[in-house]
Amino acid sequence: MDSSNSTEIAHDYSPFFKIYKDGRIERIAGLEIVPPSLDSKTGVESKDVVISPETGVSARLYIPKTTKETQKKLPLLVYFHGGGFCVETAFSPLFHNYLNSFVAEANVVAVSVEYRRAPEHPIPIAYDDSWAALKWVASHTDGKGPDEWLKKHADLESVFFSGDSSGANIAHHMGLRVGIEGLTGVKLDGIVLVHPFFWGKEPIGGEDTDAEKRGKVDALWRFTCPATSGIDDPYINPGTDSKLGSLGCKRVLICIAEKDMLKDRGWYYSELLGKSGYSGVVEVMEAQGEDHDFHLMNSTCENSVALLKRIVSFVNQGQA
């Protein structure tokens, strides 16, 4: 092996990660993890569970303090964290703090999925791991399953999928898989896609046409999914997916940010659903003046609070 390849950078995605010519990835962001806890601010309690000892797929579970006061089962949110399929974890402070706030505000139970990441585990492994987590969740129907929190507190007749960025991409594909294959015992009410990571070969709307910028996104996708057919692969471009209309829920909320380079893909996704034969309701919320994942970076700003309340309202719609 050429030793120079071990130090020569092929793609620099700082401050998140760097890809070297020998295929190695140096993760810069998302390295910190926090333990599960009883959060003093929200009263939300969390714990970690192993879903598959063979693969290492796991999850962090959250329950609100109201579970101590009532026997009523609560809606269940299954969350898929972002990070370009490469960085961050379900145990990162970013996602741990977000889920604490969301669970308290929405009064739901949450399962935050820890899937295996590229490049060590290339796509579609993240999708397969996420589906395995959903099957584990579904195993808790009719009082069965290994986890007491889910058996006692989660209403599997009122389930939502959500995620940010690449996690929103995963949430979309899990929603499709539910629609195509079904998930016995689970009723998927809706999906919430926050700044979804979708892309395509041809620029759309006001999307940046700069070849270098687009090339970085293309390279990231090919790095995480080496077996891909290209940047118009249905995994990354829903516009090429003939099964899009099979989405297995009746409501979709797409959250985008004005300054996010992925913004137009969010709008495009809403248009595609309308043309696909999908019969559900699609809503779009755009945060003015904000960039990608702003709500995780500054959770207390006015737009972040508004975003949280909008998603909470979406989840709680129709709840008694």
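The values are calculated or read from the model by the stated rules, or taken from the named source; none is laboratory data. All figures in this text were calculated on a predicted structure; none of them were measured in a lab. Note that each Cβ is placed from the backbone with ideal geometry, even for glycine, and that neighbours are counted across all protein chains shown. What goes into the accessible areas is simple: the full protein's heavy atoms, side chains included, and nothing from ligands, DNA or RNA. Shrake-Rupley method; radii C 1.70, N 1.55, O 1.52, S 1.80 Å.
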Problem - Flag for Asp129 being farther than 26 Å from Arg310 by Cα, open to solvent by 40 Å² or more (accessible area, probe 1.4 Å), of a type outside the set (Ser, Thr, Tyr) and assigned to a helix (DSSP H, G or I) - result: no
Practice task
Sort out which residues of the range 287-320 are open to solvent by less than 50 Å² (accessible area, probe 1.4 Å), of a type in the set (Gly, Ala, Ser) and in a loop (DSSP other than H, G, I, E, B), and write them in order of number.
Solution key: Gly289
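Taking the residues in the range 19-48 that are outside any loop (DSSP other than H, G, I, E, B) and either hydroxyl-bearing (Ser, Thr, Tyr) or open to solvent by 50 Å² or more (accessible area, probe 1.4 Å) (or both) as candidates, determine which candidate is farthest from Leu77 (Cα to Cα).
Restricting attention to the range 19-48, the residues satisfying the condition of being outside any loop (DSSP other than H, G, I, E, B) are 19-20, 25-27, 38, 45-48.
Then keep just the ones that are either hydroxyl-bearing (Ser, Thr, Tyr) or open to solvent by 50 Å² or more (accessible area, probe 1.4 Å) (or both); that gives 20, 26, 38, 45-48.
On the way: Tyr20: 37, Glu26: 31, Leu38: 19, Glu45: 15, Ser46: 14, Lys47: 15, Asp48: 16 Å.
The selected residue is Tyr20.
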Handout entry: Of all residues in the range 246-273 being more than 21 Å from Phe160 (Cβ to Cβ) and not hydrophobic (A, V, I, L, M, F, W, C), the one that is most open to solvent (accessible area, probe 1.4 Å)
Key = Lys259
Practice task
Provide a single number: the residues in the range 64-97 that are among the hydroxyl-bearing types (Ser, Thr, Tyr), in contact (Cβ under 8 Å) with a residue 40 or more places away in the chain and open to solvent by 30 Å² or more (accessible area, probe 1.4 Å).
Solution key: 1
Exercise for the section: Report whether or not Gly200 is of a type in the set (Gly, Ala, Ser) and either under 30 Å from Gln319 (Cα atoms) or exposed (fewer than 14 other Cβ atoms within 10 Å of the Cβ) (or both). Expected result: no
Handout entry: Residues of the range 139-188 satisfying the condition of being in a strand (DSSP E or B) and open to solvent by 30 Å² or more (accessible area, probe 1.4 Å)
Key = Asp155, Glu157
Exercise for the section: Starting from the range 232-252, take each residue that is of a type in the set (Asp, Glu) and list its partners that are open to solvent by 20 Å² or more (accessible area, probe 1.4 Å) and in a loop (DSSP other than H, G, I, E, B), counting only C-beta distances under 8 angstrom and pairs at least six apart or across chains. Expected result: Asp232/Lys201; Asp241/Pro234
Fill in the blank from the handout: Counting only residues that are at pLDDT below 90 and either part of a loop (DSSP other than H, G, I, E, B) or surrounded by fewer than 18 Cβ atoms within 10 Å (Cβ to Cβ) (or both), the range 216-226 contains a total of 2
Completion exercise
Every listed condition ((1) surrounded by 12 or more Cβ atoms within 10 Å (Cβ to Cβ); (2) among the β-branched types (Val, Ile, Thr); (3) farther than 26 Å from Gly179 by Cβ) holds for Val282 save (3)
